[in-house]
1. Just to check I understand the Karplus step: with θ = phi - 60° and J = 6.51 cos²θ - 1.76 cosθ + 1.60, what whole-Hz values come out for segment B:94-108, glycine and proline as x?
2. In terms of modelled amide H atoms, which long-range or inter-chain residues lie less than 5 Å from the amide H of B:Ala89?
3. What list of ³J(HN,Hα) couplings, whole Hz, do you get for segment C:274-283 from phi and the Karplus terms 6.51, -1.76, 1.60, once you set θ to phi - 60° and write x for glycine and proline?
4. At a threshold of 8 angstrom on Cα-Cα distance, excluding pairs fewer than six apart, so keeping six or more, what relative contact order does segment B:36-158 reach in percent?
5. Please compute the average number of Cβ atoms from other chains found within 10 Å of each residue's Cβ in peptide B:48-61.
6. Output ³J(HN,Hα) for segment A:19-27: one whole-Hz value per residue in order, computed from phi by the Karplus curve 6.51 cos²θ - 1.76 cosθ + 1.60 with θ = phi - 60°, and x for Gly and Pro.
7. Quick one: angle between helix C:105-133 and the longest Cα principal axis of chain C, in degrees between 0 and 90, rounded to 10, please.
8. Quick one: which of A:106-112, B:90-96, C:243-249, B:8-14 comes out on top by average Cβ neighbours within 10 Å, and what's the full order, highest first?
Amino acid sequence: MELEDQEKIIETIQAKFEGEILRTEMLYDFLTITLKQEKIIEVITHLYHHPDTKFQYLTTLFAVHYPDQNQIGMVYQLHNLVTNLRIRLKIYLPIENPTVPTLTGLFAAANWMERETYDFFGVLFEGHPNLKRILNVEDMIIFPLRKEYPLEDQVREDKNDLMFGR
Amino acid sequence: MEATTASGIKLGTKPEGVEGPGFFATSLEKVVGMARKNSIWPLPFATSCCGIEFMATMGAHYDLARFGSERLSFSPRQADLLMVMGTIAKKMGPVLRQVYEQMAEPRWVLSVGACASSGGIFDTYSVLQGIDRIIPVDVYVPGCPPRPEQIIDGVMKIQKLVETESLRRRDSDEYKALLNKYGIA
Amino acid sequence: MEVKQPATDQFYQPREKQYTYLNLGPTHPATHGIFQNVLKMDGEIIVEATPTIGYIHRAFEKLAERRPFYQITPITDRMNYCSAPINNFGWHMTVEKLLGVEIPKRVQYLRVIIMELARITDHLVCNAVIGVDTGALTGFVYMFQQRELVYEIYEEICGARLTSNIGRIGGFEREWSPKTWEKIHRFLKEFPLVLKEFEDLLNRNRIFMDRTIGCGGITAERALNYSFSGVNLRAAGVDYDVRVAKPYSSYEDFEFVIPVGKNGDVYDRFMVRQEEMWQSLSIIRQAIEKMPEGPFHAKVPDFYLPPKEEVYNNMEALIYHFKIVMGETDIPKGEVYHCVEGGNGELGFYLISDGGRTPFRLHMRRPCFIYYQAYPEMIKGSMLSDAILTMSSMNVIAGELDA
């Protein structure tokens, strides 16, 4: 990604949202901008409509659990198909209250992506039309992809832990 | 006893019995067994990758229809053999159980692939570790995915079971005890 | 003369509209894969659809946190199992990007050949199944016969037919045998004839066209809002292909055309897939013509198993072999995203590594999961048989949907 493009994007955000950007870096040819969690949806909406950036394609959104810092990170990847630029926005949510407003008003694709994130990590999306579990069974009470929960089926009794090393 | 027709086609083996001009006397079990084994109607319960290998088995290269399984029945009421192919997750378990209970006797179950037999490589919280936790299974076909030849071998073993099954087996106490173990009425 | 209106109102009480709820359940012959749709129907017209997925959720993302890199390759196979090599190479390229490895040109061209073969098999299944759902069963049998030829090619290279686990981080296990090249040339000679026959059966078939044109369409704006990618997006009119937008593995060296549709309906998707198969054949021919000489793997001693002669004679190679097999190699720290053009669209791998022996987080951007959300909108107002056809033309593969 060219330096002018990077600076143009960062300027577009800083012009309207002063002080929201915590850090910007280039990770393996991807401009990664870490923001404060409060105004993330406004930033994305601004980037959607602004004529200089126009990021109107949502590639993916997902969460990461950092147990050491007690935080759940959310990653949004946006893409501008016309100029072929991609950026990544990251925010960090505290684990006691991982809430974030929903993106479904802007991108219809965010609907199931947010449901999947809720299913795996327990991130609550305010304003989501149908925030239910999507991939796991409906009556599951834990959020399995958090680091404290095990991978294996705890009901299984015929696998020898000594030999298979869970 | 192997026989060949005039054009050199090998015929299947006849059951043992007394033969004469215009009649053939044998036990009912043998005749019914022979008829059943050559016309098994499978229900392909294909969930994932093993399902694609099953589609290849039904294709022209490895033809499963030679064994009498030409008509795939997707309705459990009309099927003889439940072929469970692919991973069964815990969410899918009740569905599989319901399909099995809807099948009419005599019914057989073939578990194709490592995931259906024992959970396979997916030792995770969401995968049922083998369908024999919820329904009784007759033949297991290992592999990930098994080659079509292995699936055909599994079907041939089912044919062996079908041929030699006693007519009274489904009413016997042993079978009822087996179903009770799984909680099926 | 005034026309009197018939007197109806005092005796005619309009009844309340009654809807039927039909469960297009997880086990259904026409839904190729297990997902459920509860359809609210007004007679034969569908008013609303509620999809339920997750019937084959195998927790790939959690499973990947437990396994070293090359053990994750078998699980990427099982996502889009109709074109498993593309998933494998996508994962290997993500790892190579993290490690900063330079892949030799020959390996890149060989990978292109395998990926295009895999793309052909994926489109074959989808188009044959569209034929089956409209009643044309012959195409299915012919197409599956051609897939057997491709399976034989995979078997020569990696030993497996469907879930191939093909290649290694850095290249291939060994140089391709002459038998492999023989089989590829046989495929390139025989397949176009069969594909032409299939086209003659269905492309301009009156019944097929009447059935599929105007069925299950979506506009380009809605498709972009739903983050469609791959064939479904190209059939709606947007020419976005990862092979052209962000070329990987030397795709910029090849000349090919991206077919684009107009209405985004079933017929457009069918035709786009047909044309993509011809383009894939052309890419394979170009790759074979321009194939450079060179090594068949890059130098990645930490992740690429050394050849057996060295393991038995050289102490260093023995140690590397031991470390790799026991999974004790440490991965460099980093965060990387790489995407490839899978059979269904942009297949992305987001890998976060914190320096341990397994990834810290692996997220797979699965195109099928993202575009299946649009299904209720696409079938609203159409009839039940059109809904079945729309689902099979979208090429929804259950393994990729649920992961």
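1. x, 5, 4, 4, 5, 5, 5, 5, 7, 6, 8, 5, x, 9, 10
2. Residues meeting the criterion, in which the H sits 1.01 Å from N, are B:Leu128.
3. 4, 5, 5, 5, 5, 5, 4, 4, 5, 5
4. On the way: 247 pairs, mean separation 32.8, N = 123.
With pairs under 8 Å counted, the relative contact order is 27 percent.
5. 6
6. x, 7, 7, 8, 7, 10, 8, 9, 9
7. Orientation of helix C:105-133: about 20 degrees from the principal axis.
8. Descending mean neighbour count gives A:106-112, B:90-96, C:243-249, B:8-14.
Values quoted throughout were computed directly from the atomic coordinates according to the rules given, and no laboratory measurement underlies them. From a predicted model like this one, the values you see are computed outputs, not experimental measurements. Using ideal geometry, Cβ is built from the backbone for each residue, glycine included, and neighbour counts are taken over all protein chains shown.
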